[in-house]
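Colleague: Before I ask anything, here is the structure I am working with.
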Amino acid sequence: MKNQDVLRGSCLCRSVGFSLSGGITAVRYCHCSHCRKFAGTSPAAWGMAETANLTVTASNSEIGKFNSGRGIRCFCLNCGSPLWFESIEYPQMIAIPLGVLDSDKLPAPKLHIWTQSKANWCCINDDLPQHPTYPEE
Ligand SMILES: [Zn+2]
Ligand SMILES: [Zn+2]
């Protein structure tokens, strides 16, 4: 594995740190109401990774877990930052909010999903494809 393929992530207070080998794929903006609450804004930018590639490197704070229905939203119990999303349906995959990754070389989102739930104050100002719900892949 090339060193550049390892991404690092951390919460706002840096109590929780993690590394992610293999990079992220399927980078997208999600406009769903759950992500809006979890992120505190909308859309939320996410990338997918294999669960097996995630290693928690620092956990000086406990990691909170909330089941929002489709999956487990994990966050730092000290500062409240989102950390990652564990899918119930596809446990081999994990979703990472781009904002917690400490890299300036992340791939840009290529798609908007759940646009049927888009907040009225959110404007989409790009030409990326839009999907009203979740695209079959
Ligand atoms: Zn924290
Ligand atoms: Zn969402």
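Colleague: Considering (1) out of contact with any Lys or Arg (no Cβ under 7 Å at 6 or more places or on another chain); (2) farther than 21 Å from GLU136 by Cα; (3) open to solvent by 40 Å² or more (accessible area, probe 1.4 Å); (4) of a type outside the set (Asp, Glu), say which one PHE38 fails and leave the rest.
Modeller: (1)
Colleague: Considering only segment 95-137, state which residues are β-branched (Val, Ile, Thr) and under 17 Å from CYS32 (Cβ atoms).
Modeller: ILE96, ILE113, THR115, ILE124, THR133
Colleague: Restricting to segment 55-68, give me the number of residues that are touching a strand residue (DSSP E or B) at 6+ places or on another chain (Cβ under 6 Å) and part of a strand (DSSP E or B).
Modeller: 9
Colleague: Could you say which residue among SER81, SER33, SER68 is of a type in the set (Gly, Ala, Ser), at pLDDT 95 or above and more than 17 Å from SER10 (Cβ to Cβ)?
Modeller: On inspection, the qualifying residue turns out to be SER33.
Colleague: Could you go through segment 93-111 and let me know if any residue there is farther than 24 Å from VAL6 by Cα and more than 16 Å from ligand 1 (Cβ to nearest atom).
Modeller: Just the residues of segment 93-111 that are farther than 24 Å from VAL6 by Cα, to begin with: none.
Among the residues of segment 93-111, not one is farther than 24 Å from VAL6 by Cα and more than 16 Å from ligand 1 (Cβ to nearest atom), which makes the answer no.
Colleague: A follow-up question, please. From the set of residues in segment 88-130 that are basic (Lys, Arg) and either open to solvent by less than 40 Å² (accessible area, probe 1.4 Å) or over 20 Å from SER21 (Cβ atoms) (or both), which is farthest from the chain's Cα centre (by Cα)?
Modeller: LYS118
The values are calculated or read from the model by the stated rules, or taken from the named source; none is laboratory data. Model, not experiment: these values are computed from the prediction. Counting neighbours? That spans all protein chains shown, and the Cβs are built from the backbone with ideal geometry, glycine included. Surface accessibility is based on the protein's heavy atoms, side chains included, excluding ligands, DNA and RNA. Shrake-Rupley method; radii C 1.70, N 1.55, O 1.52, S 1.80 Å.
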